[in-house]
Every structure is written in C-alpha cells, then in structure tokens.
Amino acid sequence: MTMELPAPGGTVPSQRIHLTRVPDASGTTVTLADAAEKYGVSRSTLKRRLADGEIQGAHKLPGPRGDEWHLPVAALEALGYRPGQELDGSATDHEPAQDQDDSGQSLFVLVDLVTDLTRDLRQERETRRLELMAANEEHFKTVRDRENTLIDLTRTEERLHVALSQKDELEARLQSETAERERLRVESELLGQRVGDLTSQLQTQSGSWWRRNRRMAKPPLSKPE
C-alpha cells in the first residue's frame, strides 16, 4: 500500500520532519546510514533532501536508538544515486547534477528555518524576561512586606518603651505618695500625743484652780461669844 505524498517543496520543514510514510511498491528500503555508505553520499545531503521532501516514500520506524529513517531504494535511484559511488575527499559530495539546480530552493528552506529559530528564540527570551519580571516583582513585594513588618515592630517597641517609662513614673509617684502618707501619719500621731499632753495639763490645772477657788470661797468660822 502506498500513500500519496506532496510534491517536492510543497511542505514546510515542520511538516516534513513529522511526516510518516510507508514503503513504496518495491518494498526495498535502506536506513540513512546504509544509504550514505551504499551510494557514497553524505548523511547531511540525505537529511537535506528529506527535509525538502525529495525522497518519495521515506518513513520512520523504531530502531535501537529511537526512530530511524528508512529510504526506498527506488526513490534514491530515481534521484540519480547509484551503488558504488564514493565520497570525494573534498567538501563536495558526488551528487546528481539536479542538486545544484535545487540549491536555491534549499537555501530558501534554510533561511526559513533560521527565521523560525530566530522567532522562537525571541519568544523564549520574551517569556523568560516576563518570568524574571514576575519573579522580581514577587521578590520586591516580599521585601516591602518585610520592611512594613519591621516598621510595625519598631513602632510597637517604641510604644512599649513609652509604656515602661510611664510605669516607672507612676511607681515613683506612688512611692512618693506613700512616703507622704507615712509622714502625715507620723505627724498625726505626734499631734495626737501633744493634744493628749495638753489635755492632761489642762485637766491638772483646772483641778488645781477649782480647789483653790473653793478654799477661797469658804466662809471663815465665827468665834463663840
């Protein structure tokens, strides 16, 4: 069973990477590494052609290292690859002549890829910037809350000092009033003693005065005739 594929260049890179294909009618496929060795072409060239959608029927299957590309032999030979080609020692691979005609298209694909990566990078930087701003705002809020708490504690401590000072003043006043009451009590006792003494003296003097007056007021005894 085959699957109809879009024309070369008719997909964007994100669609090409995740596109899964089934083998063509020939049923003969090779892995990316085997194709590079068999046809004498670099893996980077094959990957570029896969990204461009030029290898019809290429698909991914699970392998020992994850999903691996499987390339139809017929599709590779249709592109001009032949077994036995060897890689040149220079930086240029032995590729079909039509690769040079497609270089412009590949360049556009590369430019689009770089543009997408640049856009993604900018979005990631903006996201990180917003996250950092949010984290800084939260940090500043925490610092402000701690500063307000410290201010409240300082004010409470000041009020406590004032209350303690008032307490000391009240205690000193209480001690002074207690001493004054004690002084007044002592003076009152002394005054009471003096009043008692004066009363005793007055009573003594009064008794003497009455006795003296009674003697003076008594009529003399008359002599008998």
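Mind giving me the nanometre distance, one decimal, between the label points for LEU117 and VAL162, set 7 Å out from Cα along Cα→Cβ? The two pseudo-label positions are separated by 6.8 nm.
For region 158-219, what is the charge dipole size about the Cα centre, in debye to the nearest 20, if Lys and Arg each add +1 at the Cβ and Asp and Glu each add -1 at the Cβ? Intermediate results must be reported in sequence, preceding the final value.
Numbers: 12 positive and 10 negative charges, 234 e Å.
Approximately 1120 debye in magnitude.
Rounded, prolate or oblate: which one fits region 129-213, using the alpha carbon gyration tensor with axes a ≥ b ≥ c (rounded when a/c is under 1.5, else prolate when a/b beats b/c, else oblate)? Could you put the intermediate results ahead of the total?
Working: a/c = 20.21, a/b = 14.08, b/c = 1.44.
Note, shape of region 129-213 comes out prolate.
Read-outs: derived from the displayed coordinates by stated rules, not from any lab. Keep in mind that what you see is a predicted model, and the values were worked out from it rather than measured. Reconstructed Cβ throughout: ideal geometry from the backbone, glycine too, with neighbour counts over all protein chains shown.
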